[in-house]
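Peer 1: Structure incoming, see below.
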Amino acid sequence: IVGFSAESLIADVVTGIFMIFENQFNVGDVVEIDGYRGTVGQIGIRTISIRDGGDNVKIVNNSNVKNIINLSAAHSRAVCDIRIPYEEDLEHAESVLKKILKDAYEVHKDVFMKEPAYAGVQELGAEAVILRVTVELDEKDIFTGRRILNRELLLGLKKNGIRLEVERPAAGGR
């Protein structure tokens, strides 16, 4: 029993030392370990603590860390798709979108790293044209940025008289 416990402890410590020296992620980085996404709160010799968006803390033994994604290693991109009916004037909607995105950037420079970009027509759906908008930001702001961008798009398009199409559930679905 003592041998098995010591083996696990040694594996945790050795792995922890390599993680600290290799500097692959740091306290404050947003990471995903085995499907659990959160901010690194502590990197120890034996364990790592990660706090998720709901303020839950997961403690992971270093030797159990097999696959880790450092989401803070590069800038992230929030993606918003909007659906406009085929009856709307696409060229007018695109020109209004560009103004909305410029104004949104001016107001939310604290979240957006660059001006949001209109990527173009993403898809020709059954009932609507789907337009894609993206914005570059820090991973810690990914959800906030997406919510802000969705809000600005909705308000801006409504203010300019451009209707949005609501996605309807498939027939027979609930």
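The values are calculated or read from the model by the stated rules, or taken from the named source; none is laboratory data. Please read all numbers here as calculations on a predicted model, not as lab measurements. A quick note on method: Cβ atoms are made from the backbone with ideal geometry, for glycine too, and the neighbour counts reach across all protein chains shown. Protein only, heavy atoms only, side chains kept; ligands, DNA and RNA dropped before computing areas. Shrake-Rupley method; radii C 1.70, N 1.55, O 1.52, S 1.80 Å.
Peer 1: If you scan the stretch 83-109, which residues turn out to be open to solvent by less than 50 Å² (accessible area, probe 1.4 Å), of a type in the set (A, V, I, L, M) and farther than 30 Å from T39 by Cα?
Peer 2: I84, A93, V96, L97, I100
Peer 1: Quick one: N26 ticks every box in (1) touching a helix residue (DSSP H, G or I) at 6+ places or on another chain (Cβ under 9 Å); (2) among the polar types (S, T, N, Q); (3) under 14 Å from E139 (Cβ atoms); (4) open to solvent by 50 Å² or more (accessible area, probe 1.4 Å) except a single one, so which number is it?
Peer 2: Among (1) touching a helix residue (DSSP H, G or I) at 6+ places or on another chain (Cβ under 9 Å); (2) among the polar types (S, T, N, Q); (3) under 14 Å from E139 (Cβ atoms); (4) open to solvent by 50 Å² or more (accessible area, probe 1.4 Å), N26 violates only (1).
Peer 1: Could you list all residues from the stretch 120-150 that are touching a residue at least 24 places away in the same chain (Cβ under 8 Å) and among the aliphatic types (A, V, I, L, M)?
Peer 2: Within the stretch 120-150, V121, A128, V129, I130, L131, V133, V135, L137, I142, I148, L149 meet the criteria.
Peer 1: Do you know which of the residues in the stretch 136-153 that are at pLDDT 95 or above and among the aliphatic types (A, V, I, L, M) is surrounded by the most Cβ atoms within 10 Å (Cβ to Cβ)?
Peer 2: So the residue we want is L149.
Peer 1: Just need a number here: residues in the stretch 110-135 that are in a loop (DSSP other than H, G, I, E, B) and open to solvent by 60 Å² or more (accessible area, probe 1.4 Å).
Peer 2: Count: 6.
Peer 1: Consider C80 against the criteria (1) of a type outside the set (S, T, Y); (2) in contact with a Leu (Cβ under 9 Å, 6 or more places away or on another chain); (3) open to solvent by 20 Å² or more (accessible area, probe 1.4 Å); (4) not in a helix (DSSP H, G or I): it satisfies all of them except one. Which criterion is unmet?
Peer 2: All conditions pass for C80, except number (3).
Peer 1: Within the group A78, A73, which residue is small (G, A, S) and touching a Gly at 6+ places or on another chain (Cβ under 9 Å)?
Peer 2: The conditions single out A78.
Peer 1: A further question on this structure: Among all residue pairs at least 6 apart or on different chains, which show Cβ distances below 6 Å where the first residue, located in the stretch 90-110, is within 14 Å of E136 (Cα to Cα) and the second is part of a helix (DSSP H, G or I) and of a type in the set (A, V, I, L, M, F, W, C)?
Peer 2: Sorted first by the residue in the stretch 90-110, then by its partner, the pairs are H108/I148.
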